[in-house]
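*Asks:* To start, I am sharing the structure in question, which I have written as structure tokens.
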Amino acid sequence: MPRMCIALLTLSLALLLSACGAGLNAESRNITQVTDGVEGAIINDQHEIKVRNLLVVETAEKAGVIVGTIINTSKTDDVLLGLAVNAQVVTLTGMTTIKNGQPVIFEGASANAKAVVAALDAVAGQNVTITLFFARAGELTLTAIVRDQRDDYAGITAQMDAVATPTK
């Protein structure tokens, strides 16, 4: 009997100390998002559009600038027709055709597109609804955070001439 008690005690301690007893909802099992931006996708038989690290930067003029990347991994090209932030139309310049292997990048050293909402109706720290409209894939609506114009986003401006890449 004492051997049975020692074996049960050892097994119980092993489970508790290894955190196996925490169950299926243990914090260590939860996936942590490593960026401020939100991700989303439209994936079906004909389309495979992925949006990565999407967020809005609030400028000193209270405009909103979209930051993020759109990737098309399907064989068929698609076109980004437009965006809306909290139902406000966004001014879009630069590359709008999304080809396989050629992402549309908003802001940063590799930027080939620019998207600005003239009067952002939110402030840094709040969430906004961003809707992306595609010619073939349809629309994708995401909830993204608004960041202020500092740290990684300090150089972001609402100037539309910041992207010299031709449309399409």
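Derivation of every value follows stated rules applied to the coordinates shown; laboratory data play no part. Everything quoted here is computed from the prediction, not taken from an experiment. Please note: Cβ atoms are built from the backbone with ideal geometry, for glycine as well, and neighbour counts cover all protein chains shown.
*Asks:* Using a 10 Å cut-off on Cβ atoms, rank the peptides 149-156, 78-85 from the highest mean neighbour count down.
*Replies:* Ranked by mean Cβ neighbours within 10 Å, highest first: 78-85, 149-156.
*Asks:* Mind jotting down the distance between the C-alpha centroids of region 70-94 and region 101-154, whole Å?
*Replies:* 10 Å
*Asks:* Sorted by average packing, counted as other Cβ atoms within 10 angstrom per residue and highest first, what order do 58-67, 121-130 take?
*Replies:* 58-67, 121-130
*Asks:* In µm²/s, what is D for region 36-162 at 4 °C and 1.567 mPa s, where D = kT/(6 pi eta Rh) by Stokes-Einstein and Rh is the Kirkwood radius from Cα pairs?
*Replies:* 90 µm²/s
*Asks:* Something else: Could you please report the charge total around Val128, scoring K, R as +1 and D, E as -1 over all other residues with beta-carbon less than 12 angstrom from its beta-carbon?
*Replies:* -1
*Asks:* Let me ask something else. May I ask you to sort Met160, Met95 by Cβ crowding, counting other Cβ atoms within 10 Å and putting the fewest first?
*Replies:* Met160, Met95
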